[in-house]
Structures are given as C-alpha cells and as structure tokens.
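J.: Before I ask anything, here is the structure I am working with.
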C-alpha cells in the first residue's frame, strides 16, 4: 500500500527586591551561568560579547504600551523556541525594577550577576516598535532597529510582524535569523489542509474538499501545492494565499497523484503518479498546463515523496524498486538514480518521506526501527546517520528554514500530533493540539510576504 508521506504588582525598586529577582532566576531551569568577571569574553558576534560554545543569556525588558506585555511574551517565547539563547525569566515586577531611570544607564554588574549577556529593550513607537540591544560585557548599546507593526494587536499579521522582530534579533546575536516568522502547513484529522504559526498560535483550515493532503510550500511562500480529490481521482492543485483559492492542474493524469513539491525556483512541480501498477515521479510546469513527464522507471514499484536539493540539481525520493522502500537520489531530470540509505538484501526495512535540509548537507527521513517509525537524518558527505526519536510512531519530517529544527508527526503523547525537534539539543515541543495532524510542511521565512 502506498503511504502518502510527507508539531508569561507593583513596580519593585528596592535592592532587596532585586535580590529576590536574582533568587528567582537562580531557581529557573533556563537561567544562564553567570559570567566570571575576572575572565574576558571568549567570543564576539556582531558586537555582542559572550563565551563561544555557550548559549548567551538574554533578558527582554517590558514595553510600555497597551500591547507591551504581548510583545514581550512573543519575543521571549520566540527566542526560547529558537534554542540558541537562554531566556532569563523574570516576572513583570522584577523586570521593571531593572529599567534605568536615565536612558541607557543600566546597572550592568547586576545584570551580569543575573547571567544576562544581552539586554533587549522593546519600546512602542507611532507605527511599530523599536528594539535596542545592550551588551552587558562592554556596558554599551550595540544594536537598534525600528520595525513597523500593522493595526490589530494579536491579529495573525500583527503576530507575524513581531515574529519577524525576533528573527532580526537572532541575526543581531548569531549572524543568522531564526525561524519564528514562519508557518507550518499540515493535513488535519478532518483530511483538510491547515496552517499554524510555529509557536502554536492561529491554527486555520484552508481547504474544504472531500480530501486534501500532502501540502508543500512554494519558495516565495505565496502558494502551496497539494494532493486533493475530485472527479478525476486524486489530483494536484495549487493554492494561492492572495486569492485564497486553488486551481487544479488539469494536465495531471487520471489516477493516483500524490506528494507534490515545488522546485527551488518555483517553476516546476514534482509529484508521484500511478494507477494499478506502482507510481513514478513526474514533472510538470507550475504555471502552464503542459503535459506531465515521467522521470523515473519504477517498473511496478512505488516511487514517491520527491524533495529537491537547495540548488535544484537533484531530487531525493522514496522507492520500493529494491523490494522494500529506501531513499534514493537522482539528478533533477531523472538520470543517475542511486540508493542513499543503507540497503541490505533480505531485511524488512522501510525508509521513506525524505526532506532535503536548506543547507544541502543532510536529508531527514523516517525509518522503521523495531516495528515503529522514527526520525533519522543522513549526512550526505559521509553517509553517517543519526536517530532522533524513539517513543511512539514518528513520521513525515520537514526542515525549518534555519536548517536546525524539524517538524514531524508523532504519537509519543497519545494521539497523532505535530512536534518540533531541535536537532542540536534534542529538545522537543508539541506544536498542534488537534488529533490526527500529519504530513507537515515548514514554510520559508514569511516576513514581508
């Protein structure tokens, strides 16, 4: 059977209260180690000094506005979920006690004792928000940015704009943005396509068909392609976020058409198609209605779940041509197919649902281990593999644009939901809370789109 492959009183102003805040941080599991004042910083990134190989402690101060608490909460959560910094957790009263009475004249030694490396001060402006970052080690302002916010606090667009601020802060500190200003598409338990922000907010149904599944984003984040059911059977369709409507690809053959994906330039759609005897990978123009052309020769086997390399030159896919599903790689025109995963004759392996990492160095996939599916990656340089999950059934991995996080479907907490994995620390968090979520697809960065 073909498996369609692809989850925050009063202001405190006395020294005693500040000591209490220090105790609070010391008890927090996310509190950073205090820097040794006798030791100079070991690393410098974009003007911010902190020890290399550590997670810098970041403190977000309150913003004085009606929606300031929401802004602070979103920034804190995004930086926490980014997994590269330690967010110093202080309640509103404790954080307000640290605000300077004179602009920029912070009590830097106190911040250092709290484990703070970077101070972030968001301040509301007429049309948005200004964020200033201070380096505790050098005792000075190092970055300032002004960001517009749309009207309607806590609306989806407003929240996405704040997420984009979080990603810019990530760029300030680490040189690369985070993935907060993104969304995840997925197939819900109602067999329709849904989207959700990557902090778990704003789940929204996008389709109302007999069946819709296997969504995949366009490179510009303005469209997605999916497999839906109509009078011709399962067909390929393209959804446009501007019009909030979709169109069927009329050149799609009759029969089974599943697991579509855009090429990196957005001009081509690759998908699996077949009828009674297996499936093959097909290519079709993403805009024009040209006839689809087959690029694999499965000879009755199932060939599904194509995923492009970031440069568009290769496609990884699942194939059962060797007797059971394995992950293969071929040139984008279908030539030079080679098996990627470790094949052994006679074994009952099942390796499928590949997704190429944004940096091109790894492919994530699912593998059946001791009877259950688990999330794996394979390094394309040395073919080494790594297993990330072990509890429950874990399937359908999809990379975040930061190339560090994966979203996947899992039964680890009971019903099937989406979970997010930090591949460097192994930290996991549940994304959806609606049973049946599966086949996720992580978007590109959506800020300004």
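Values quoted throughout were computed directly from the atomic coordinates according to the rules given, and no laboratory measurement underlies them. If you're wondering where the values come from, they're calculated on a predicted model, not measured in any experiment. In this analysis, Cβ positions are derived from the backbone assuming ideal geometry, glycine residues included, and neighbour counts consider all displayed protein chains.
J.: What Kirkwood hydrodynamic radius, in Å, does segment 183-442 give when the mean of 1/r is taken over all pairs of distinct Cα atoms and then inverted? If you can, show how the numbers build up before the last one.
T.: Working: mean 1/r = 0.0548 Å⁻¹.
Hydrodynamic radius (Kirkwood, Cα only) of segment 183-442 equals 18.3 Å.
J.: Which FRET efficiency value, to the nearest 0.05, is calculated for residue 343 and residue 101 with the Förster distance at 56 angstrom and r the Cβ-Cβ distance?
T.: E between residue 343 and residue 101, to the nearest 0.05, is 0.25.
J.: Next up: Using a simple spin-label model with points 7 Å from Cα along the Cα→Cβ vector, what separation in nm is obtained for residue 124 and residue 157?
T.: So the label points at residue 124 and residue 157 sit 1.9 nm apart.
J.: So if I average 1/r over every pair of distinct C-alpha atoms in the chain and take the inverse, what Kirkwood radius in Å does that give? Intermediate values should be presented prior to the final figure.
T.: Values: mean 1/r = 0.0426 Å⁻¹.
Evaluated on the chain, it is 23.5 Å.
J.: Could you give the length gained by full extension between residue 220 and residue 313, i.e. 0.36 nm per residue of separation minus their alpha carbon distance, to one decimal place?
T.: Working: separation 93, 0.36 × 93 = 33.48 nm, distance 1.87 nm.
Extra length from residue 220 to residue 313 when fully extended: 31.6 nm.
J.: Restricting to the chain, compute how many DSSP beta bridges are antiparallel as a %, nearest 5. Before the final figure, lay out each step's value.
T.: Working: 97 of 104 bridges.
Around 95 percent of the beta bridges assigned by DSSP in the chain are antiparallel ones.
J.: For segment 192-208 and segment 92-138, what is the separation of their Cα centres, given in Å?
T.: 35
J.: Then there's this: Counting only helical runs of four or more DSSP H residues, what would the 222 nm mean residue ellipticity of the chain come to if each run contributes -39,500 (n - 2.57) and the total is spread over all its residues?
T.: Working: 5 runs with 58 residues, N = 449.
Calculated mean residue ellipticity at 222 nm is -4000 deg cm²/dmol.
J.: Quick one: plug the Kirkwood hydrodynamic radius of segment 177-216 (C-alpha pairs) into Stokes-Einstein at 25 °C, 0.890 mPa s, and report D in µm²/s.
T.: Working: Rh = 10.7 Å.
The Stokes-Einstein estimate is 230 µm²/s.
J.: Take 176, 304, 284 and order them by how many other Cβ atoms sit within 10 Å, fewest up front. All intermediate terms of the calculation are to be shown ahead of the outcome.
T.: Working: 176 13, 304 31, 284 23.
Sorted ascending by nearby Cβ count, the order is 176, 284, 304.
J.: Looking at the P(r) of segment 68-140, how many percent of alpha-carbon pairs lie beyond 19 Å? Can you show the working numbers first?
T.: On the way: 939 of 2628 pairs.
Looking at segment 68-140, the distances longer than 19 Å represent 36 percent of pairs.
J.: Nearest 0.05, what FRET efficiency do residue 64 and residue 433 give at R0 = 41 Å with Cβ-Cβ as r? Don't skip to the answer; put the middle values down first.
T.: Working: r = 33 Å, r/R0 = 0.80.
Between residue 64 and residue 433 the formula returns 0.80.
J.: In segment 247-269, whose amide N lies under 11 Å from the spot 7 Å out along Cα-to-Cβ of residue 335? List them in ranges.
T.: none
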